[in-house]
């Protein structure tokens with residue numbers, strides 16, 4: 001099973017969503033930024049590395065939010081979402097088409113990657129999930 005991490009960056013009442021580039025698989029879909037776990041790397045190390053590579057931000061992991069298992073045509077994906085805090089850096093889009101700070105209740109209106117939808121539902125508190133606050 002492939003393991004992927006996602007960062008929940010929260011600032012002034014909004015979450016960061018990033019839009020995948022036109023050249024990527026799942027082009028122009030929105031996601032919580034993050035990426036694939038590399039060999040000999042913890043999920044926490046992965047999310048710190050990925051956010052630095054993708055957004056030029058240094059972050060601190062504050063805690064684990066949830067795990068989502070997503071089944072697709074080529075296998076299963078385990079998406080591990082972490083609450084993170086920006087420590088330093090100025091955001092630069094190194095791999096994404098766009099990035100937006102979005103109010104929690106508006107996240108599910110975006111065309112999210114399938115594995116990110118459950119995270120959004122947990123944040124907002126829909127489909128049987130109790131609303132989870134990550135402040």
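Run down 44, 53 and say which single residue is more than 24 Å from residue 124 (Cβ to Cβ), at pLDDT 95 or above and loosely packed, with under 15 Cβ neighbours inside 10 Å. It would help to see each step written out before you state the result.
Values: 44 fails: loosely packed, with under 15 Cβ neighbours inside 10 Å.
Going through 44, 53 in turn, the sole match is 53.
If you go through the stretch 1-14 and keep only what is touching a strand residue (DSSP E or B) at 6+ places or on another chain (Cβ under 7 Å) and more than 15 Å from residue 62 (Cα to Cα), you end up with 1, 2, 3, 4, 14. Which number in (1) at pLDDT 95 or above; (2) loosely packed, with under 13 Cβ neighbours inside 10 Å; (3) under 20 Å from residue 120 (Cβ atoms) marks the one condition that residue 72 misses? For residue 72, the failing item is (1). Among residues of the stretch 49-77 that are farther than 13 Å from residue 6 by Cα, those with a Cβ under 6 angstrom from a residue that is part of a loop (DSSP other than H, G, I, E, B) and modelled with pLDDT under 95, sequence gap 6+ or separate chain, pair up as 76/1. Here residue 24 meets the list (1) at pLDDT below 95; (2) in a helix (DSSP H, G or I) almost entirely, failing just condition (2).
What number of residues within the stretch 84-116 satisfy the criterion of being within 12 Å of residue 55 (Cα to Cα), in contact (Cβ under 8 Å) with a residue 40 or more places away in the chain and either in contact with a strand residue (DSSP E or B) (Cβ under 7 Å, 6 or more places away or on another chain) or surrounded by 13 or more Cβ atoms within 10 Å (Cβ to Cβ) (or both)? Steps first, answer last, please.
Restricting attention to the stretch 84-116, the residues satisfying the condition of being within 12 Å of residue 55 (Cα to Cα) are 86, 88-99.
Those still in the list that are in contact (Cβ under 8 Å) with a residue 40 or more places away in the chain too: 86, 93-99.
Remaining after also requiring either in contact with a strand residue (DSSP E or B) (Cβ under 7 Å, 6 or more places away or on another chain) or surrounded by 13 or more Cβ atoms within 10 Å (Cβ to Cβ) (or both): 86, 93, 95-99.
Qualifying residue count for the region: 7.
Look at (1) part of a strand (DSSP E or B); (2) surrounded by fewer than 20 Cβ atoms within 10 Å (Cβ to Cβ) and you find that residue 8 fails only one, number (2).
The values are calculated or read from the model by the stated rules, or taken from the named source; none is laboratory data. Computed from a predicted structure; not experimentally measured. For neighbour counting, all protein chains shown are included, and Cβ atoms are generated from backbone atoms with ideal geometry for every residue, glycine included.
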